[in-house]
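The block underneath contains the structure these notes are about, expressed in structure tokens.
Just so it is clear, none of the values below were taken in a lab; they were calculated from the coordinates. Small disclaimer: the values here were computed from a predicted structure and weren't measured. Reconstructed Cβ throughout: ideal geometry from the backbone, glycine too, with neighbour counts over all protein chains shown.
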Amino acid sequence: MSDVDIELGHRKLAWARQHMPIHARLRERFSAQPPLQGLTVAVCSHLEAKTGVFIETLAAAGAEVVFTGSEPGSTQDDVVAALNEQPGITGFARRGADEGEFRCYHMSVLDRGPQFILDDAAELTARMAGDRPELLASLVGTCEQTTTGVRRLQAMLKDGVMDFPSYAVNDSPMKRYFDNVHGTGESTLANIAVATNLLFAGQQVVVAGYGYCGRGLAEKARGWNAQVTVTEVEPRRALEAHMNGFRVASMAEAAAYGDIFITATGNPEVIRREHFERMKDGVVLANAGHFNVEIDAAGLADMAESLEECRPGLLAHRMPDGRRLNLLAEGRLANLAAPTAMGHPAEVMDQTFATQLMAAVHLVAHRDALTPGVHAVPDAVDREVAAIKLDTLGIALDRLTQRQEAFADAWRLADIQA
């Protein structure tokens with residue numbers, strides 16, 4: 001990485017720190033009694049400035065931090081280099097690494113014998129269980145921040161290879177309501193807009209999936225004055241989207257009229273050949289899910305007569321009939337893997353990573369009381385992060401009176417009326 005601008009990496013970290021006040025509070029809190037002292041903690045995530053601040057705060061909490069990427073297309077080499085200059089922090093990652101190199105980076109992290117993993121899509125956890133199972137005996141636990149990762153952990157538990165506890169940070173209110181809805185929604189649309197230089201207003205935007213990420217995408221696109229269609233496989237989510245005022249259709253229907261397609265399902269081949277065949281000339285295809293499998297990029301390339309990079313990171317697939325279908329970032333995460341992408345806003349990731357960190361501290365402190373498996377983040381931990389955030393914003397809360405507290409706990413009519 002001799003040609004990497006390390007100073008730029010330091011400036012990116014400095015900017016992120018300015019907008020991550022929860023982490024500043026936690027670094028101050030941990031300075032006297034570091035709760036992760038003596039632990040080797042591995043971080044597997046999208047490696048950009050906000051993740052870098054998270055890694056710095058882990059080190060301030062006493063951890064020996066070793067990190068790697070969860071997606072080769074989202075790594076920012078200047079940030080990696082800047083982090084590697086700091087004591088107690090070691091990283092293995094490079095933007096654009098091929099599958100073999102990507103695996104080697106993960107194995108280099110595992111060679112350090114991490115006792116705790118803060119993971120994205122259970123990438124490093126699954127790698128440890130599959131390739132280095134002897135390390136599981138020393139694993140205190142993990143925290144997982146994605147829907148995909150929680151699913152993988154549950155599958156590992158079902159297969160009998162999960163002999164450690166994990167907190168499902170993804171399922172906590174502080175993750176779902178803010179990171180998934182506002183973070184994914186704003187950052188994905190912003191990066192599609194920058195990558196394409198096209199207008200959202202008046203466009204037919206098709207959002208595949210109406211989980212928390214899909215809801216955020218649909219709401220934000222509507223806020224940008226797009227006409228929004230939602231596709232779903234789960235009837236209650238489809239009904240919710242309908243009652244929230246969105247058009248609901250099958251992908252086969254939406255393929256015929258959509259202008260911009262965004263996937264957020266966690267499933268493979270959500271958009272595939274039968275849909276490509278129906279699409280209009282000039283459509284934009286983007287993915288907001290973790291893995292680059294939701295849009296069948298290989299099938300699209302096979303159908304194309306020619307390929308052309310019409311803008312950085314945007315590949316036009318010219319069909320034999322002359323139509324051009326434009327795929328963003330090879331179907332990888334639109335808000336992280338596109339050339340100009342910067343990921344979620346710093347304020348959102350301040351909350352998400354603080355929840356990850358506080359969950360890790362809690363799990364380490366209560367490890368003896370936790371059985372192997374996927375556990376909910378304790379409500380008190382989630383609430384504390386929200387309280388710190390509100391305090392940094394100068395927002396005050398009301399408190400229940402004694403009468404209100406007694407009312408909430410009462411069941412006898414006489415007690416309620418007293």
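Considering the values (1) 11; (2) 15; (3) 38, which represents percent of Cα pairs over 43 Å apart as calculated for the structure under consideration?
The listed entry that was calculated here is (2).
Would you mind calculating the relative contact order of segment 276-413 from Cα pairs under 8 angstrom and at least 6 residues apart, reporting the percent as a whole number? Provide the component values of the computation, followed by the final result.
Working: 140 pairs, mean separation 25.1, N = 138.
Once normalised by length, the contact order is 18 percent.
By average Cβ neighbour count within 10 Å, what is the ranking of 157-165, 35-43 from highest down?
Values: 157-165: 15.4, 35-43: 19.7.
Averaged packing, sorted descending, gives the order 35-43, 157-165.
So which residue, out of D398, D321, D111, gets the largest mean-square fluctuation from a GNM of the chain using Cα contacts under 10 Å as springs?
D398
Mind computing the radius of gyration and Dmax over the alpha-carbon atoms of segment 72-180? Å is fine for both.
Considering segment 72-180 through its Cα atoms, Rg and Dmax are 14.6, 41 Å.
Over segment 182-331, what is the relative contact order in whole percent, taking alpha-carbon pairs under 8 Å and six or more residues apart? Walk me through the numbers before you get to the answer.
On the way: 322 pairs, mean separation 30.0, N = 150.
After rounding, I find 20 percent.
Using Cα pairs under 8 angstrom and six or more residues apart, how large is the relative contact order of the chain, in percent? Before the final figure, lay out the partial values.
Numbers: 847 pairs, mean separation 65.0, N = 418.
It rounds to 16 percent for the chain.
Give me the distance between the Cα centres of segment 296-374 and segment 177-248, rounded to whole Å.
16 Å
Compute the separation of the alpha-carbon centres of segment 1-53 and segment 55-130 and state it in Å as a whole number.
One Cα centre to the other: 13 Å.
Can you tell me how much longer the chain between C104 and Q404 gets when fully stretched, taken as 0.36 nm per residue apart minus their C-alpha distance, in nm with one decimal? The partial results should precede the final answer.
On the way: separation 300, 0.36 × 300 = 108.00 nm, distance 5.77 nm.
Using 0.36 nm per residue and subtracting the Cα-Cα distance, I get 102.2 nm.
Which pairs break 30 Å Cα to Cα here: K50/K158; K50/K280; K175/K280; K12/K175; K220/K280?
Too far apart for the 30 Å limit: K50/K158; K50/K280; K175/K280.
Full extension from A298 to N225: what is 0.36 nm times the residue separation minus their Cα-Cα distance, to one decimal in nm? Mind showing how you got there, number by number?
On the way: separation 73, 0.36 × 73 = 26.28 nm, distance 3.23 nm.
That works out to 23.1 nm of additional length.
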